[in-house]
Amino acid sequence: MSEQRLGALRERLTQDGLDGFLGFREQDFRYLVGFSGDAGALVVGQADALLLTDSRYIETAQAEVRGARTAQHGQPLVQDVAAAMRQMGGERWGFDAESVSYGLYQRLQAQGTQLVPTQGIVLSLRMVKDREEIARLRRACAIAADALEELIDRLRPGMTEQDAAVWLEGRMREMGAEGAAFPFIVASGPRGSLPHAGASARVLQAGDMVTLDVGCRYLGYHSDITRTVGLGTPAAELRQIYEVVRQAQAAGIAAARPGVLARDVDRAAREVIAAAGYGERFGHGTGHGVGLEIHEWPQVSTRSDDTLAVGMVLTVEPGIYLPGLGGVRIEDTVLVTADGAEVLTPSPKSLRML
């Protein structure tokens, strides 16, 4: 698999008039050559590739890396990177401008290298997932969805948001996850109007609507699912907006199919919410790509120019947020298939009042 991915990268470099690529992100390492460490540099020329890492990871690299040589670098790292570039030849070397600091750029330039900033070369390759990636994403999604269902069965007034989050991460690890995909969002009662409210010490109360936005990481790949449930009987307007969001999310998933612009998925969901009179209460994008990062391409928003293709994995997560009262969000991770979108995080979506 690494040879295919490196081959695709080299084709892209040729198209862009580049002789090689420097990768410094752990996602670049894992995607291109299978290395799970987070320190070092990947030097990819047209006929050779070298993964440089330090003494903490060299044995791991030697066991995991495919399609590239491995070596333990000295200090500073940039000297060995520059030496590898000179050995591989070429004059124009690309790097990801979003992940290389200005300080690192200056240190590399001081070695006499000619660096060309690029935008998302590896990210664009990662948008369409291969069979191995999809299998890992399926497992990550299954763990998250199953563990969340167990948590929902346990939710009771008197628990804190933090109680729920801690229990859930532990359960995901018991089921085989490497850890949480991100700090869980557990937003109860009036805190539900905060789209990214981290779990707090607030005690869950009867009548609360509770939004649970969670996910896990499995073999480097992430999952993302949100369900909103009621403890007892929430306020009538919260029950009303729940149904609006449920319909909006269904419209977004129905719109997700090959050849469709990602912004049209956003529009499909957003139109349902706007028609119900809550357009101003849905301020974020409808979704995002999921893979080696919890947020990656494609972007599913009003500004996105991305076109969906078979093998892309993304979220569909509209919401409505009412300050002082609460909020509702419903989210699934979905796989774009030839027939449309397959939900990878199956879980009931009718309003549950526990």
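Can you give me the relative contact order of the chain as a percent, contacts being Cα pairs under 8 Å and 6 or more apart? Mind showing how you got there, number by number?
Details: 803 pairs, mean separation 50.1, N = 354.
Taking the mean separation of contacting Cα pairs over the length of the chain, I get 14 percent.
Counting Lys +1, Arg +1, Asp -1, Glu -1, what net charge surrounds residue 277 among other residues with beta carbon under 14 Å of its beta carbon?
-2
When the Cα centres of the stretch 202-231 and the stretch 261-336 are compared, how far apart do they sit, in Å?
17 Å
So for the stretch 2-125, averaging the separation of alpha carbon pairs under 8 Å that are six or more residues apart and normalising by length, what relative contact order in percent results?
Values: 209 pairs, mean separation 30.9, N = 124.
Relative contact order of the stretch 2-125: 25 percent.
Tell me what the chain gives for mean residue ellipticity at 222 nm when only DSSP H runs of n ≥ 4 count, each as -39,500 (n - 2.57), the sum divided by the residue total, rounded to 500 deg cm²/dmol. Numbers along the way, then the final one.
Values: 10 runs with 127 residues, N = 354.
It comes out at -11500 deg cm²/dmol, rounded to the nearest 500.
If you take every DSSP beta bridge whose two residues both sit in the stretch 87-223, what share of them, in percent to the nearest 5, is antiparallel? Can you show the working numbers first?
On the way: 10 of 15 bridges.
That works out to approximately 65 percent antiparallel.
Roughly how tilted is helix 236-255, in degrees to the nearest 10 and between 0 and 90, from the longest Cα axis of the chain?
Result, in degrees: 40.
Please give me the summed charge of the neighbours of residue 170: other residues whose Cβ is under 15 Å from its Cβ, Lys and Arg +1, Asp and Glu -1.
Numbers: positive: 154, 171, 173, 217; negative: 146, 150, 163, 169, 174, 178.
Net of charged neighbours comes to -2.
Where does helix 131-154 land angle-wise versus the long Cα axis of the chain, in degrees 0 to 90, nearest 10?
Taking Cα atoms only, the helix is inclined about 30 degrees.
Take every DSSP beta bridge with both residues inside the stretch 131-343 and express the antiparallel ones as a percent of the total, to the nearest 5. Provide the component values of the computation, followed by the final result.
Details: 34 of 35 bridges.
Antiparallel bridges: around 95 percent, rounded to the nearest 5.
What is the local net charge at residue 93, summed over the other residues whose Cβ is closer than 15 Å to its Cβ (Lys, Arg +1; Asp, Glu -1)? Present the calculation step by step, with values, prior to reporting the outcome.
Details: positive: 10, 12, 86, 92, 107; negative: 16, 19, 28, 48, 80, 91, 96.
Taking every Cβ under 15 Å from that of residue 93, the sum is -2.
Once both axes come from the Cα atoms, what is the angle between helix 262-275 and the longest principal axis of the chain, in degrees from 0 to 90, rounded to 10?
20 degrees
Could you check what % of the DSSP bridge pairs in the stretch 1-151 are antiparallel, to the nearest 5?
Numbers: 8 of 19 bridges.
About 40 percent, rounded to the nearest 5.
Give me log10 I(q)/I(0) at q = 0.16, 0.18 Å⁻¹ for the stretch 2-148, Debye formula, one equal scatterer per alpha-carbon, no solvent.
The Debye formula, applied to the Cα set alone, gives -0.84, -1.04.
No lab work stands behind these numbers, since they all come straight from the coordinates. Remember, it's a predicted structure, so these values are computed and weren't measured experimentally. Glycine gets a Cβ as well: all are built from the backbone with ideal geometry, and neighbour counts include every protein chain shown.
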